[in-house]
Amino acid sequence: MMRNNEDAEDVVQESFQQAFIHLKSFKGDSRFSTWLSRIAINAALMRLRKKQRKWDVSLDESAEIDESSSRLDVEDQGLNPEQLYAQKERERILSEAMKELTPGMRKAMELRELGEQSTEETARIMGISVGAVKARVFHGRRKLRERLKHFVGSAWTYGRDASRTIGNTTHLSQDQVACMQVIKA
């Protein structure tokens, strides 16, 4: 998320400090690692927001700058229209494929794979056995794999090349990457 080691190390340090300060607020409803990961993600997002504010310039200030002064040309880091369209299309296809799962399978997949809950936590939340969660996730993966094979082109590769493709597709949402990792298994 941070794109450089120094910022990442700062975020890790801040995360551990925040976890230590708020340790009493940890209720044990989830795994400690999940709680700590959430703190780290929030710390990273806060740092990214602070960095982004440094580059913000008001429109009033930019109008006052005379043309002879040098301006900072910052490359647009956003998605181009083609990438944006492709991302929206993948999200639509994934959403449609998820809708075709039974409600039990869909909930198990969302909690276990996209929500990163353990099998035991998923079973507790859903009020079913661990074996039932495993079966629903297994069958959900299989159905998603079958369904997405019809829609997916070279961007969503299956098998051995999937991890390489997934690792290089930075324009996918976290849910899409997680889902692709789920269905390749």
Using the Karplus curve 6.51 cos²θ - 1.76 cosθ + 1.60 with θ = phi - 60°, what ³J(HN,Hα) values do you get for each residue of segment 3-17, in whole Hz, with x for Gly and Pro? 6, 7, 5, 4, 5, 4, 5, 4, 5, 4, 4, 4, 4, 5, 5
How much of the accessible area of segment 1-46, probe 1.4 Å, is carbon plus sulfur, in whole percent? 58 percent
Can you list the lysines whose alpha carbon sits under 22 Å from that of LYS99, skipping same-chain ones fewer than 8 residues off? LYS88, LYS107, LYS134, LYS143, LYS149, LYS184
Solvent-accessible area of MET46 with every protein chain in place, 1.4 Å probe, in Å² to the nearest 10: 90 Å²
Points 7 angstrom from Cα along the Cβ direction at ARG124 and GLU96: gap in nanometres? 3.9 nm
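The values are calculated or read from the model by the stated rules, or taken from the named source; none is laboratory data. Quantities reported herein were computed from a predicted structural model and do not represent experimental measurements. Cβ coordinates were reconstructed from backbone atoms using ideal geometry, including for glycine residues, and neighbour counts include every protein chain displayed. We work out accessible area using only protein heavy atoms, side chains counted, and drop any ligands, DNA or RNA first. Shrake-Rupley method; radii C 1.70, N 1.55, O 1.52, S 1.80 Å.
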